[in-house]
1. So if I check each of Arg36, Arg43, Arg67, which one is over 15 Å from the mean Cα position of the chain (by Cα) and touching a residue at least 12 places away in the same chain (Cβ under 8 Å)?
2. Open to solvent by less than 40 Å² (accessible area, probe 1.4 Å) and among the aromatic types (Phe, Trp, Tyr) - does that describe any residue in the range 81-99?
3. Check Ala27, Ala76 and return the single one that is open to solvent by less than 70 Å² (accessible area, probe 1.4 Å) and farther than 21 Å from Trp101 by Cα.
4. Go through the range 41-68 residue by residue and tally those that are among the β-branched types (Val, Ile, Thr) and open to solvent by 30 Å² or more (accessible area, probe 1.4 Å).
Amino acid sequence: MGDDKKLPKPPKMYRRFVEKYPGLGLAWDAIGETGRQGPLSDREIRLLKLGVAMGALREGAVHSGVRKAIFEGFGAEEIEQAVALAAGTLGLPSTVAVFSWASETLEKHAKDIKKRKKTSKPKKDKKEKKPKKPKKEKKPKKEAK
C-alpha cells in the first residue's frame with residue numbers, strides 16, 4: 001500500500017513459503033496491486049481489508065490486518081471501533097473472537113502504537129462553528145397613557 005517501507009515484515013512462515021513457491025508470491029502481489037487500483041486511499045483500503053478479514057473470521061488475516069493498520073497509522077481505539085462495528089453483522093460471539101485476535105496483536109505492538117503517536121501529528125477535526133443566534137430586536141417601549 002503506497003510505501004511498503006512502513007509495513008512490518010511478513011511472518012517467517014510466509015517468507016519461507018514464498019521462497020519455495022515464488023510464482024505464487026508474485027501472483028499474490030499482483031492480486032493485491034490490482035485491488036488497490038481505484039479511488040480509495042491507502043488508509044481506507046487498510047481499514048476495509050481489516051473489515052473483510054473480520055467478516056470472514058480469518059484469524060491470521062485479522063492479526064495481519066491489525067498489524068498493518070498499526071503501521072499505516074491507525075491507533076488502538078480506531079481498530080477497536082472497527083471491531084465493534086462488526087457486531088451488527090457478525091453477532092456477539094464472533095465479534096468477541098475477532099476482538100480477542102485484534103487485542104492480542106494490539107498488545108504485542110503497543111510500543112509501535114506509542115512510537116507512532118509521538119512521531120505523527122493527529123489530524124484535528126474541523127469543528128463546525130455554530131452560527132451565532134441573531135440578536136433579538138428590542139421592541140420599542142410602549143408609552144404610558
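1. Only one candidate qualifies: Arg36.
2. no
3. Only one candidate passes the filter, namely Ala27.
4. Of the residues in that region, 1 qualify.
The values are calculated or read from the model by the stated rules, or taken from the named source; none is laboratory data. Bear in mind the structure is a predicted one, so any value in this text is a computation, not a measurement. No Cβ is skipped: glycine too gets one built from the backbone with ideal geometry, and neighbour counts run over all protein chains shown. All accessible areas refer to the heavy atoms of the entire protein, side chains included, with ligands and DNA or RNA removed. Shrake-Rupley method; radii C 1.70, N 1.55, O 1.52, S 1.80 Å.
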